[in-house]
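Heads up, the thing below is written out as structure tokens.
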Amino acid sequence: IGLAIYDSERRLTLANPAVAELFGADPAWFAARPTLRETLDRLREARQLPEQANYPAWRAQLFTLFDDVARASYEERWELPDGRSIHVVGRPHALGGIAFIFEDVTEAIAMQRWRSTAVEVRRATLDALADGVVVLGPDGQTRMANPAFVTLWRLGERFDDAPRHVSDIAAACRALIGDDPLWTRICGAVSGVGGRAPWSGRVSLANGRALMARIAPMPDGSTLAVFSDVTDSERIAQALRERADTLESAADMRNALLDQISHRLRTPLNAIMGFAELLLENRVGAVPPAQRSYLENIREASDGLLEGIESLADVVSTGSHAAGLQVGDVSLTAVLRGAAGLLERRLHERDAVIDLSAVPEDAAMRGDPARIRQMLFNMLAHAAAAAAPGEVLEVGAARRDGRTEIWCACSGLSAADAGSPSLTLARRAAELHGGEIVVTGASDGPGRILCRLADV
């Protein structure tokens, strides 16, 4: 703190070293006892005075202090060009003249501004919160309450910025809370009667809303109460629980359907197929040629129906715990030949055939044999149904870019076939193998079903 004393003639009689240090001046210059005018002019030249629109008038105003030294009183904060703030106080000195005290308050002003900004930020943060917040002092009066608190408790115009006692707030909230002891608990936390341990709990309001209330003691003896509206989150949680129950029921129904497919469809179909085989193998006597043809039709139809049942069971089980892939080596050549054999009679009736010449003898991949067999049968069955009389269905397989491609081409295929039931079943099996099925059609050539699969 700098001290400078000027006598009644406005001449410096005493200046401590802090004055020269504060204004960056030469101590020897102050030792020469300059006048107040000389001091102010020198400080102005060194840009150690606040900028003034009318410097002579401002300086003259300081000189008037010496007109009546006994009553002189001066206090001002000088904002210097270098950013510092100097608090200047002038008072009569006991030995005559005026004593000026200079104090650098730059840091204090910065701290005050920081605190003001921090308070404003905290206030703005609380105002922006969706949770209702109220701070109650040890005397029970509100120290702070954000708009969400007023809205949650529907205090409206009854609540303003003036401090309110916790008992008045409790009375205003009674219409919403009824006999719930929440506000009694808060009053006890404020007074200390009920203890000041933190507490949290759920509260149901008369308007159907649900709040999660939290009470916590503050270091200065105040009490913080926070109220969160959990109505929507509880409704979502309830909806999720109901959805989980629905999914569990659907899983039970799916498992029941799998049992029905297994026992009500597979078992009698296997019996039909078994008896047809016995008759075709002449186990019970010779079968006339005409009847043999009928039996072969029964066997072929049964094989196709069994493939359909297997596909249906696969769709039902997809997504269940039993839907994991049973991975093994799959000979695509054997699978495609088997599917073509099952469809041979159906194609023969239309004078159509399947050409497997584009399928290499060693075509193979890693995957689930049962699902790949069902997938390829559905692909070929759909193409066979779309084939024109006398047409040759071209089937091929190849490895490209680390993936296995199987395709089938015939004139009756178009992009609209992609949504057919048989190709939908095939697509699900392909997706389980990290693959896809694409159907394309061309006006000037055959359409194509292309299946791309990755090894698993």
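The values are calculated or read from the model by the stated rules, or taken from the named source; none is laboratory data. Keep in mind the model is a prediction, meaning the values are calculated, not measured. Cβ coordinates were reconstructed from backbone atoms using ideal geometry, including for glycine residues, and neighbour counts include every protein chain displayed.
Would you tally the residues in segment 85-100 being surrounded by fewer than 16 Cβ atoms within 10 Å (Cβ to Cβ) and either within 60 Å of the chain's Cα centre (by Cα) or closer than 19 Å to residue 35 by Cβ (or both)? Before the answer, list the steps.
Going through segment 85-100, the residues surrounded by fewer than 16 Cβ atoms within 10 Å (Cβ to Cβ) turn out to be 89, 91, 94-96.
The next check asks that each one be either within 60 Å of the chain's Cα centre (by Cα) or closer than 19 Å to residue 35 by Cβ (or both); those that pass are 89, 95-96.
The qualifying residues number 3.
Return the total of residues in segment 346-392 being in a strand (DSSP E or B), within 51 Å of the chain's Cα centre (by Cα) and not charged (D, E, K, R). First the steps, then the outcome.
Initially, segment 346-392 is screened for residues in a strand (DSSP E or B), giving 353-358, 364-367, 392.
Next, from what is left, pick out any that are within 51 Å of the chain's Cα centre (by Cα): 358, 364-367.
Now drop any that are not not charged (D, E, K, R), which leaves 358, 364-365, 367.
Qualifying residue count, segment 346-392: 4.
Pairing each residue of segment 23-44 that is in the same structural domain as residue 7 (by TED's automatic domain parsing) with any residue that is assigned to a helix (DSSP H, G or I) and among the small types (Gly, Ala, Ser), provided the two are 6+ apart or on different chains, yields C-beta distances under 8 Å for 26/20; 27/20; 29/20; 30/20. The lone criterion from (1) more than 27 Å from residue 108 (Cβ to Cβ); (2) out of contact with any Ser or Thr (no Cβ under 7 Å at 6 or more places or on another chain); (3) not aliphatic (A, V, I, L, M) left unmet by residue 11 is number (2). Given the residues 239, 256, 271, 244, which is the only one that is loosely packed, with under 12 Cβ neighbours inside 10 Å, farther than 29 Å from residue 176 by Cβ, under 26 Å from the mean Cα position of the chain (by Cα) and not charged (D, E, K, R)? Among 239, 256, 271, 244, only 244 is loosely packed, with under 12 Cβ neighbours inside 10 Å, farther than 29 Å from residue 176 by Cβ, under 26 Å from the mean Cα position of the chain (by Cα) and not charged (D, E, K, R). For the structure I just gave you, tell me whether residue 12 is at pLDDT 90 or above, part of a strand (DSSP E or B) and of a type in the set (A, V, I, L, M). Answer is yes for this residue. Only one entry in 139, 220, 127, 131 is of a type in the set (Asp, Glu) and surrounded by 16 or more Cβ atoms within 10 Å (Cβ to Cβ), namely 131. Evaluate segment 8-22: report whether one residue or more is surrounded by fewer than 14 Cβ atoms within 10 Å (Cβ to Cβ), of a type outside the set (D, E, K, R) and without any contact (Cβ under 8 Å) to a residue 60 or more places away in the chain. Checked against the condition, which is being surrounded by fewer than 14 Cβ atoms within 10 Å (Cβ to Cβ), of a type outside the set (D, E, K, R) and without any contact (Cβ under 8 Å) to a residue 60 or more places away in the chain, segment 8-22 yields at least one hit. Of all residues in segment 86-115, those that are among the β-branched types (Val, Ile, Thr) and part of a helix (DSSP H, G or I) total 2. Checking each residue in segment 185-201 for being in contact (Cβ under 8 Å) with a residue 12 or more places away in the chain and surrounded by 13 or more Cβ atoms within 10 Å (Cβ to Cβ) picks out 185, 186, 187, 189, 190, 191, 196, 199, 201.
Consider residue 358 carefully, then state whether it is touching a Gly at 6+ places or on another chain (Cβ under 7 Å) and of a type outside the set (Asp, Glu).
Numbers: touching a Gly at 6+ places or on another chain (Cβ under 7 Å): yes; of a type outside the set (Asp, Glu): yes.
In short, yes.
For residue 280, indicate whether it is surrounded by 13 or more Cβ atoms within 10 Å (Cβ to Cβ), modelled with pLDDT of 80 or more and closer than 23 Å to residue 339 by Cβ. Spelling it out, residue 280 is indeed surrounded by 13 or more Cβ atoms within 10 Å (Cβ to Cβ), modelled with pLDDT of 80 or more and closer than 23 Å to residue 339 by Cβ.
Being aliphatic (A, V, I, L, M), surrounded by fewer than 13 Cβ atoms within 10 Å (Cβ to Cβ), within 39 Å of the chain's Cα centre (by Cα) and assigned to a helix (DSSP H, G or I) is true for just one of 70, 60, 118. Which residue is that?
Only one candidate qualifies: 118.
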